[in-house]
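Please treat every number below as a calculation from the coordinates, not as lab data. Just so we're clear, the structure is a prediction, and the values are computed from it rather than from any experiment. Cβ sites come from the backbone with ideal geometry, for glycine too, and all protein chains shown count toward neighbours.
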Amino acid sequence: MTEEALLAKRAQAGNLEAFNQLVLKHQGLAFNVAYRILADSAAADDATQNAIISAFQNLKSYRGSSFKAWLLRIVTNSCYDELRRRKRQPSVALDPVNIETGEEIESPKWMVDDSPLPEDIVALGELDQAVQHCLDNLPDEFRIAAVLVDVEGMNYGEVSEIIGKPLGTIKSRVYRARKRLQQCLQSFQELLPVKYRLLSEIR
Amino acid sequence: MMMNNRRLKDKDWQIISAYLDGQLTEKQEMAFEIRLTQETELRDALRQIQWTKSVLRKAPRRKVPHHFILTQQMAVEAKRRKNRVIRQYGLVSGIASLTFLILAGFQLLPYFKMGMAPNLAMAPKEALMEEPMMMEAEAVEELEVEEGIQMQEAPVVEAEPVEDVETADMMVEGAEKVVVEEELVESAAVAESEEELNEITDSVKEESQPPIGEGGLSFTLTPAPTEMSTITPIVAATSAKVGEEFDASMEESVPRAEETGELPKEEGLIEEDESREEASTNEDESREEASTNEDESSLDQSIIETGESLTKQPSVFEMLAFAGMLLSALTAIVALVAVFRTKNRS
């Protein structure tokens, strides 16, 4: 029995310390997945915290498989809840502010079409923002598949377990997401650091 | 460098993606690698997807803003909150189920009180009104059967002292009388007024009156149960009256004929007796008819009321109760599903 399985068993028996050790081990992954899906640090924080509490409440339903996959399933469900809530109650600030920097955004993304304009590209600048921008333009299902497979590097089997869909569905979602991401990221290519450009990648 | 691989199909993109993730079989992989050497567009597409994948994989990771571990207090609160949610949903489900049962009980209570099957309530009013008519028809049939039985039995008992020839004649007369009485039954059913009925009765009585001194059969007609009948009481009363008169005349006439061999009585005396008996019989008849009519009218009224109560349009209260039943059943189901989901959610 692996260390993770032992900790999970002790947590199921009511040992909070064991549960917290598992949380510490996977919290970074959980938060980053939530952040890439929701594109918002505060929302990702809430979703992760809710997922951890929900995991503790439902420890009895854990059947001894991969704890990481089980926890990430709760996290993605929590993110889905938040995405549905946003669709029901869309809220857009009149004076858009960048949450990270606190600066006002001159050209918010809802004011432009899908293909980024030069000023948007300049604003995004860095790779992280480019990736997040392209991920945000994907449908929810494709975004989650891309985050789990390409950003977090999980294999199809794990993703299938997390999302609860068959392997064929995962493959399909991944290649469709990649096709769109490739087109989006190419538009940022000239602004990316040299080492991330396609030409340097090829040659 | 923008690359357009417009000639590639979706299937090609899927194979490229699967190739990069090691999802192809050995055979598929070899076939794909052969294609790569031959197709420039496919090669370019593979490079683009490879680059996309690497860029995504190199995207910087965020640091967690804080640890997400649970304190003892948070753990207790989390457990308590889950139990509270389950209790609340369970309580809602229980209340809704109870409401459903109460409303359903109120809906079905009238049928249990009446001791009727609930589907009778859906029967049309006409069907309810047919039942008394059927009972009437059965009562008339019973009466006819009784008459037939007594017609067969009566000559054996009553005609013993009479000679064979007379007996045969009287049997023929008796049969004629039965036929006449059947006509009376039909006439009585059609007759609406008491006067018409009396006239018919008198005419029948005159026709069926045997010749004085000849002796005859004794018809003892027992009135059939007449509570549900509209025709039978009149028929029974009339038949009884005719039978009684016939008996009385026979009692007086037959012994005298046997003893003296003369005419039993003068016509004037007989007429006086007949008129007296007729008067008293008419009084009885009218009283019986009145009481029967009263019974009939009250019975018809109760039947109509019952039919109306069973077939009338549902009231607002009944419709509200029905809507409440549906709502409570739905609430109970939803609450139970919520309890199930809360318990198993992960």
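Under a point spin-label approximation (7 Å from Cα along Cα-to-Cβ), what is the B:R84-A:D128 distance to one decimal in nm?
3.8
On average, how many beta carbons from a partner chain sit within 10 Å of the beta carbon of a residue in A:165-175? Show your work: numbers first, answer last.
Numbers: counts 0, 0, 1, 0, 0, 2, 5, 3, 0, 7, 12.
That works out to 3 on average.
I need the peptides A:47-56, B:9-18, A:147-156, B:91-100 ranked by packing, meaning the mean over residues of other C-beta atoms within 10 angstrom, with the highest value on top.
On the way: A:47-56: 23.5, B:9-18: 17.8, A:147-156: 21.1, B:91-100: 15.9.
Listed from highest to lowest mean packing, they are A:47-56, A:147-156, B:9-18, B:91-100.
What's the exposure ranking of B:H66, A:H26, going from fewest to most Cβ atoms within 10 Å? Before the final figure, lay out the partial values.
Values: B:H66 11, A:H26 21.
Fewest-to-most ranking of B:H66, A:H26: B:H66, A:H26.
For segment B:16-86, state which trypsin sites (Lys or Arg not before Pro) are in a DSSP loop and have at most 10 other beta carbons lying within 10 Å of their beta carbon. Walk me through the numbers on the way to the answer.
Numbers: sites: B:K27, B:R35, B:R43, B:R47, B:K53, B:R57, B:K58, B:R61, B:R62, B:K63, B:K79, B:R80, B:R81, B:K82, B:R84; in loops: B:K58, B:R61, B:R62, B:K63.
Answer in residue order: B:K63.
Among A:K9/B:K53; A:K25/B:K79; A:K9/A:K179; B:K58/B:K79, which pairs are too far apart, with a Cα-Cα distance over 30 Å?
Details: A:K9/B:K53 36 Å; A:K25/B:K79 23 Å; A:K9/A:K179 42 Å; B:K58/B:K79 40 Å.
Too far apart for the 30 Å limit: A:K9/B:K53; A:K9/A:K179; B:K58/B:K79.
Please rank B:T40, B:T331, B:T52, fewest neighbouring Cβ atoms within 10 Å first, as an exposure proxy.
Values: B:T40 10, B:T331 17, B:T52 28.
With the sparsest Cβ surroundings first, the list reads B:T40, B:T331, B:T52.
Multiply the residue gap between A:D81 and A:N155 by 0.36 nm, knock off their C-alpha separation, and tell me the result in nm, one decimal place.
Numbers: separation 74, 0.36 × 74 = 26.64 nm, distance 2.46 nm.
Length gained, A:D81 through A:N155: 24.2 nm.
Please give the average number of partner chain Cβ atoms lying within 10 Å of the Cβ of each residue in A:18-30, rounded to a whole number.
Values: counts 0, 3, 6, 1, 1, 4, 4, 0, 1, 5, 5, 2, 2.
Other-chain Cβ atoms within 10 Å of each residue's Cβ, averaged: 3.
Starting from 0.36 nm per residue, how many nanometres of slack lie between A:A42 and A:E3 once their C-alpha separation is accounted for?
Full extension of this stretch gives 10.9 nm more.
Counting only other chains, and only Cβ atoms inside 10 Å, what mean value do you get across the residues of A:138-151?
Numbers: counts 0, 0, 0, 0, 0, 0, 0, 0, 3, 2, 0, 5, 9, 6.
Whole-number average of other-chain Cβ neighbours for A:138-151 is 2.
Kindly provide the trypsin sites (Lys or Arg not before Pro) of segment A:32-86 that DSSP labels as loop, not H, G, I, E or B, and whose Cβ sees at most 15 other Cβ atoms within 10 Å.
Working: sites: A:R36, A:K60, A:R63, A:K68, A:R73, A:R84, A:R85, A:R86; in loops: A:R63.
The qualifying sites are A:R63.
Please pull out the direction-averaged projected area of segment A:1-92, using the convex hull of its alpha-carbon atoms, in nm² to one decimal place.
On the way: hull surface 23.7 nm².
Directional mean of the projected Cα hull area for segment A:1-92 stands at 5.9 nm².
What FRET efficiency do you get for B:L91 and A:D136 if R0 is 60 Å and r is their Cβ-Cβ distance, rounded to the nearest 0.05? Kindly include the intermediate steps, with their values, before the conclusion.
Values: r = 43 Å, r/R0 = 0.71.
Given R0 = 60 Å and the Cβ-Cβ separation, E is 0.90.
Show me, bin by bin at 5 Å from 0, the whole-percent P(r) of segment B:10-81 based on Cα pairs.
Histogram of Cα-Cα distances, whole percents per bin: 3, 13, 17, 14, 9, 6, 5, 6, 7, 8, 6, 4, 2, 0.
When the chain is fully extended, how far beyond the present Cα-Cα distance does B:K63 get from B:Q28, taking 0.36 nm per residue of separation?
Numbers: separation 35, 0.36 × 35 = 12.60 nm, distance 4.07 nm.
Taking 0.36 nm per residue and subtracting the Cα distance, the gain is 8.5 nm.
How far apart, in nm, are the 7 Å Cα→Cβ label points at A:Q12 and B:I333?
3.4
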